[in-house]
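Written below as C-alpha cells is the structure these notes are about.
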Amino acid sequence: MGIGASFAQVLDGNWTIGASRDRAGFDKTNTPEVLKEMVRHLLNFLPGMKTINCIRFFAGFRPYCTIDGHPLLGRVLDLRGFYLATGHAGEGVGLAPITGKLIAEEITTGKTSLPLDDFRYERLSNPH
C-alpha cells in the first residue's frame, strides 16, 4: 500500500492525514484496508491522535514514477527541444526546486551542476 506519513494541521485546527500510494488506477474510493493502515501509521507517529474524530475522507490520483523508481529528467536525445521533468511520485513537491534548477541549467547552458545520466529517458530502453 505504500502508506506515507503526511500530517498537516490547518489554521482552523483540523488535520489532513495520509497518504497512501495504493496503485488504485482511477478508482477514487478509499478502501477500509488503506484507511486502517493510515490510522496505524498515524498512531505510531502521533499517539495522542487516538481520540480525534474523523470528519471526511478523500482520494486523489497520484502520479507514479517509472519502473525503476527514478524520475525522468532532462533532454530527450531523439527529440530536439523536448525535456522531461516527471515521474517523481510522492517526492515531486520536495524535489521541485532541484528539478527546476537542473532542467533550467540544461535548457539554458546544455550542462547541469549534477549529472542526469541515471535519470534520462533513454535508460529505460538502453539499460546499462
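The values are calculated or read from the model by the stated rules, or taken from the named source; none is laboratory data. Because the structure is predicted, anything quoted here is derived from the model rather than measured. Here the Cβ positions follow ideal geometry from the backbone for every residue, glycine too, while neighbour counts run over all protein chains shown. Accessible surface areas use protein heavy atoms only, side chains included; no ligands, DNA or RNA. Shrake-Rupley method; radii C 1.70, N 1.55, O 1.52, S 1.80 Å.
Going through the stretch 32-128, which chymotrypsin sites (Phe, Trp or Tyr not before Pro) have at most 12 other Cβ atoms within 10 Å and a DSSP loop state?
Qualifying residues, ordered by number: Phe57, Phe58, Phe61, Phe82.
I'd like the orientation of helix 92-109 relative to the chain: the angle between its Cα long axis and the longest Cα principal axis, in ° from 0 to 90, rounded to 10.
Here the helix axis deviates by roughly 10 degrees.
Test of understanding: what is the full-extension gain from Asp12 to Thr108, defined as 0.36 nm times their sequence separation minus their Cα-Cα distance?
30.2 nm
In nanometres, what is the gap between the two model label sites at Lys28 and Lys50, each 7 Å from Cα along Cα-to-Cβ?
3.6
Quick one: which residues, 5+ away or cross-chain, put their amide H under 5 Å from the amide H of Arg75? H built at 1.01 Å from N.
Leu84
Taking all protein chains as present, what is the carbon and sulfur share of the accessible area of the stretch 24-128, in % to the nearest whole number, probe 1.4 Å?
That share works out to 61 percent.
Please report, in cubic angstrom per residue, the volume enclosed by the convex hull of the alpha-carbon atoms of the chain.
It is 161 Å³ per residue.
Pairwise over distinct Cα atoms, reciprocal of the mean inverse distance: report the Kirkwood radius of the stretch 44-107 in Å, one decimal place.
This gives a value of 14.8 Å.
With springs only between Cα atoms under 10 Å, which of Thr51, Thr16, Thr31 fluctuates most in a Gaussian network model of the chain?
Sorting by GNM fluctuation, first place goes to Thr51.
With n ≥ 4 as the cut-off for DSSP H runs, can you work out [θ] at 222 nm for the chain, using -39500 (n - 2.57) per run divided by the number of residues, rounded to the nearest 500?
Calculated at 222 nm, the ellipticity per residue is -8500 deg cm²/dmol.
Rounded to the nearest Å, what's the spacing between the alpha carbon centres of the stretch 71-128 and the stretch 1-57? Just the number, please.
32
Solvent-accessible area of Ser125, probe 1.4 Å, all protein chains present, reported in Å² to the nearest ten, please.
It works out to around 80 Å².
Stokes-Einstein at 20 °C, 1.002 mPa s, Kirkwood radius from Cα pairs: D for the stretch 5-69 in µm² s⁻¹?
In µm²/s, the coefficient rounds to 160.
Restrict the search to the stretch 37-87; then list the trypsin sites (Lys or Arg not before Pro) that DSSP places in a loop and that have at most 11 other Cβ atoms within 10 Å of their Cβ.
Those satisfying the criteria are Arg56, Arg80.
Taking only Cα atoms and a 10 Å spring cutoff, compute GNM fluctuations for the chain and point out the largest among Ile52, Ile17, Ile98.
Fluctuation is largest for Ile52.
Using a Cα distance threshold of under 29 Å, what count of lysine pairs results for the chain when pairs must be 8 or more residues apart or interchain?
4
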